[in-house]
1. Restricting to segment 2-19, name every residue that is at pLDDT below 95 and either closer than 15 Å to TRP172 by Cα or surrounded by 14 or more Cβ atoms within 10 Å (Cβ to Cβ) (or both).
2. Report yes if LEU105 is surrounded by 18 or more Cβ atoms within 10 Å (Cβ to Cβ), over 20 Å from the mean Cα position of the chain (by Cα) and assigned by TED's automatic domain parsing to the domain that holds THR143, otherwise no.
3. Would you mind finding the one in ARG110, ARG139 that is farther than 27 Å from ALA21 by Cα, surrounded by fewer than 15 Cβ atoms within 10 Å (Cβ to Cβ) and among the basic types (Lys, Arg)?
4. For segment 248-262, which residues satisfy the criterion of being in contact (Cβ under 8 Å) with a residue 60 or more places away in the chain and part of a loop (DSSP other than H, G, I, E, B)?
5. Being farther than 18 Å from MET144 by Cβ, surrounded by fewer than 18 Cβ atoms within 10 Å (Cβ to Cβ) and modelled with pLDDT of 95 or more, is that true of even one residue in segment 62-75?
6. Tell me, which residue of segment 175-196 that is in contact with a Gly (Cβ under 8 Å, 6 or more places away or on another chain) and touching a residue at least 60 places away in the same chain (Cβ under 8 Å) is farthest from THR224 (Cα to Cα)?
7. Please find, within segment 113-124, the residue that is nearest to the chain's Cα centre (by Cα) out of those that are surrounded by 15 or more Cβ atoms within 10 Å (Cβ to Cβ) and not hydrophobic (A, V, I, L, M, F, W, C).
8. Provide a single number: the residues in segment 152-179 that are under 20 Å from TYR13 (Cβ atoms) and in contact with a helix residue (DSSP H, G or I) (Cβ under 8 Å, 6 or more places away or on another chain).
Amino acid sequence: MAKYRLTATPWGYMGEFSAMASPCELLIETDNKQIADAMMALACTETLRIEQKYSRFIKGNTLWQLNHSHPEAIELDQETTNLLQFAKHCFELSQGKFDITSGPLNALWRFDKQGKLPKESELCQARQSVGFSRLTLNRSQLTMPEGMMLDLGGIGKEYAADRVAHLLAHHWRDIAVLVNFGGDIACPIAKRFGEPEWQVGIENPEALDSAAEIVSIRQGGLATSGDTRRFIEINNKRFGHIINPKSGYPIEGAPRSVTVMADNCTTAGMLATMAMLEGDDAENFLAEQEVGFRVFR
């Protein structure tokens, strides 16, 4: 189990640990340290389970087995089936822009100081292995074409936040908790009326680590997508890390960041990423979804 830190506050406890390449935080509205410790232990165990199972950087795990199964059919457990069915829904709702099979394209882009534009020939070859519609997915089996590679990075952290939130709410039904995994937030139990709501800062793209706006959450989910921390600049042109699977290049005209408030973190994350993929039309797309949102350009 990951090591965590638990700190007493005037309103309860704050727990912190690291997973999924992100700082993870729980705000727990209880003065009972034993309960707070138990909640943190559960949160760490479940988060690391999901990371070990679906990280694309861990050889031999479930995702690795899927990516090395082609062209043979591979049996799926229920959790993996549910995740892939959700990814299919994202693909269809986004008209093919939200595509977890874009792994070969993502592998060509490096968003660090050594980042450079991939060769067009490399992108052209990678595009031949992208396209969720080319998968054969049924209730318990998946068949992938040769060369295809799945990447669950676009939904994994939000899923983990919701999963942890669900387990905490199941075991401690009367304790309000805010689960924050690198800015992806789930609040499973509503704060009691009359008590202050959770206050969440939306990062300022022009001044990282400072809040451009504070939003209040009583219950539900929140997620942010953007290029504020993962991008490269080449010849004075900025390239964000969200790739258009049809072109192989980062989205043109995308906002700097999109924050969405929804019933749960997974839905919020899906809509935030889809809005980024809409580029110049992000605001119109979000207005049609009837959810709370903030867009920074």
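1. ALA2, TRP11
2. Against the criterion (surrounded by 18 or more Cβ atoms within 10 Å (Cβ to Cβ), over 20 Å from the mean Cα position of the chain (by Cα) and assigned by TED's automatic domain parsing to the domain that holds THR143), LEU105 does not qualify.
3. ARG139
4. From segment 248-262, those in contact (Cβ under 8 Å) with a residue 60 or more places away in the chain are 248-250; that's our starting set.
Within segment 248-262, GLY248, TYR249 qualify.
5. no
6. Restricting to residues being in contact with a Gly (Cβ under 8 Å, 6 or more places away or on another chain) and touching a residue at least 60 places away in the same chain (Cβ under 8 Å), the top hit is ALA186.
7. Among them, the one singled out is GLY115.
8. Number satisfying all stated conditions: 10.
The values are calculated or read from the model by the stated rules, or taken from the named source; none is laboratory data. Predicted, not measured: the structure shown is a model, and the values here were computed from it. Cβ atoms come from the backbone with ideal geometry, glycine included; neighbour counts cover every protein chain shown.
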